[in-house]
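Readers should treat all values here as calculations from the given coordinates under stated rules, not as data from a laboratory. Keep in mind the model is a prediction, meaning the values are calculated, not measured.
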Amino acid sequence: MTDADAELRALQSRAYGRDADITRDPEAMRRLADLEAPQPVEPPVAVAPPSATPVTAAKASSTAAESVESGPVRRTGPFDPHPRTAWIALACAAVAVAAAVSASVATAVTAAARPVEPGLVDTIAVDPGADWWDALGERTDGSVLFEDWYGLTFVRNEGWSEIDDQRCLLGVPTETVRSASNGFTAIGMECSAGAFPASLQIIVDAGQPAAVRDRFPEGTALKFTLRGDTVEVRADSQDG
């Protein structure tokens with residue numbers, strides 16, 4: 001991690017973390033805006049193949065005269081079945097340069113078009129002392145409850161899928177599931193797929209717990225990603 005990355009992570013924690021205090025530090029807010037601004041992509045510099053040195057009419061006449069005096073001249077042209085090695089090398093070099101420039105342009109365009117995922121604003125740890133709720137059904141090996149996060153609780157359960165080594169992430173309003181006996185309302189549930197971790201995405205609205213709406217304005221997009229014993233939280237506003 002570079003110094004800039006570390007500084008960005010620290011400022012994001014002050015801006016979006018549970019103990020956010022960056023609003024009292026205008027200089028830190030300006031620095032965070034600078035670090036989060038997308039960086040411009042430098043266009044690749046095209047490399048032109050070497051051009052032939054121009055020959056003046058006087059020099060051409062002098063060269064032709066010297067050739068006549070020294071003996072017969074072997075004519076070379078577009079129909080010569082034995083092109084010179086130098087021209088072959090020059091043609092190969094031009095093709096190689098064109099291919100390199102094309103690859104550079106394609107890479108630059110792809111990098112510019114790829115969307116940047118919003119930055120990490122918080123992490124949620126496992127709650128080792130949490131009791132398993134009956135409303136969640138049977139608890140399987142590896143299933144855990146995470147700490148309450150602004151009125152939301154996330155559950156990792158490895159027994160909700162028939163696929164081996166697949167982990168599922170469930171998000172529920174904490175108070176709803178605590179008072180439920182036969183069922184409850186969830187904000188969503190997703191499972192991992194191969195190398196891709198389980199993740200949930202929501203938009204903050206009136207249906208979310210009051211603590212979430214107090215922390216994030218309505219319309220803010222939140223993404224929760226399961227990373228082992230941690231849930232990563234990312235935020236992005238619709239007007240951003």
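Points to keep in mind about this one:
- Reference-scaled alpha-carbon Rg (2.2 N^0.38 Å with N residues) for segment 117-237: 1.02
- Measuring spread by the Cα atoms of segment 119-180 yields a radius of gyration and Dmax of 12.1, 35 Å.
- Kirkwood-type radius of segment 195-239, with distances r between different C-alpha atoms, in Å: 11.3
- Vicinal HN-Hα couplings computed from phi for segment 165-171 (Karplus, 6.51 cos²θ - 1.76 cosθ + 1.60; Hz; Gly/Pro x): 6, 9, 10, 10, 10, 10, x
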